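For reference, the structure is listed below as structure tokens.
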Amino acid sequence: MNEVKLTPRSESSSWTLAIRRSLQRKLPLAHLLPDRQPVFVGSWVYIFGVIAIAGLIWVVASGMLLAFFGPMWWHQSSVGRFVNSLHLWSVQVFFVFMVLHLWGQYFMASWRDGRAKTWMVGVVIFAFSLVTAFTGFISQQNFDGEWIAVNAKDATNSAGIGTLFNVLNFGQMYGLHIILLPMLVATLVGVHVLLVRMKGVVKPIGKVQGGQPSNEESAS
């Protein structure tokens, strides 16, 4: 068999090599898939974040069913009403534990030791989640959704965004709720988790920053 000849190329001009080395430097496998974690990772503050992600998974899964079958299904079918309720309560779980996680990280000063980006991405996730939930309430296709939209139009018009963000336009609100905003939230959650893997979780206030955890601070 003939051997495939590779074109010689200088390392300085290889962008794929530069990206690979950057990933290996910033996100080694020991950080991406760790087998040992400091004991303080077991804090309820971090568990709240994991529960919030689990709630988000249920939100997306139930939302996909609702989007596929449509408003008539979730209003008239018993199964549809159950999935609609599951979607609603999954949103409640997501928000409750996200807020607990956010406030817990705030009081732990989790932006310390070069983790400001991780903290700020979490704040942006919360902001986009509020808009996503708001468009979801408007998209209910019932009197409650119409009432919320009619009252919200005065606020959006007074803020000067009514022509761009028209809460009375069901098609726009529904499209934002099931496509654009969930994609943004899910992407930002992925970035947030990736930053946590890259930087690790912040140590409790008073502990020395940096370095490897000692045996008594680590758990398998």
Those residues that are hydroxyl-bearing (Ser, Thr, Tyr) and within 23 Å of Pro204 (Cα to Cα), I need them from segment 20-45; list them, please. Ser43
Hits in segment 149-162 (condition: outside any helix (DSSP H, G or I) and surrounded by 14 or more Cβ atoms within 10 Å (Cβ to Cβ)): Gly162
On the given criteria, is Phe165 hydrophobic (A, V, I, L, M, F, W, C) and part of a helix (DSSP H, G or I)? no
When you look at Trp58, is it of a type outside the set (Lys, Arg), farther than 21 Å from Phe95 by Cα and either in a strand (DSSP E or B) or in contact with a helix residue (DSSP H, G or I) (Cβ under 9 Å, 6 or more places away or on another chain) (or both), yes or no? no
Test result for Phe128, in contact (Cβ under 8 Å) with a residue 12 or more places away in the chain and either assigned to a helix (DSSP H, G or I) or out of contact with any Asp or Glu (no Cβ under 6 Å at 6 or more places or on another chain) (or both): yes
List the pairs whose first member sits in segment 39-51 and is hydroxyl-bearing (Ser, Thr, Tyr) and surrounded by 14 or more Cβ atoms within 10 Å (Cβ to Cβ), whose second member is modelled with pLDDT under 90 and part of a loop (DSSP other than H, G, I, E, B), and whose Cβ atoms are under 7 Å apart, counting only residues at least 6 apart or on separate chains? Tyr46/Val201
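The values are calculated or read from the model by the stated rules, or taken from the named source; none is laboratory data. Bear in mind that the values here come from a model prediction, so they are computed numbers and not experimental data. Methodologically, a virtual Cβ is constructed for each residue, glycine included, from the backbone with ideal geometry; neighbour enumeration extends over all protein chains shown.
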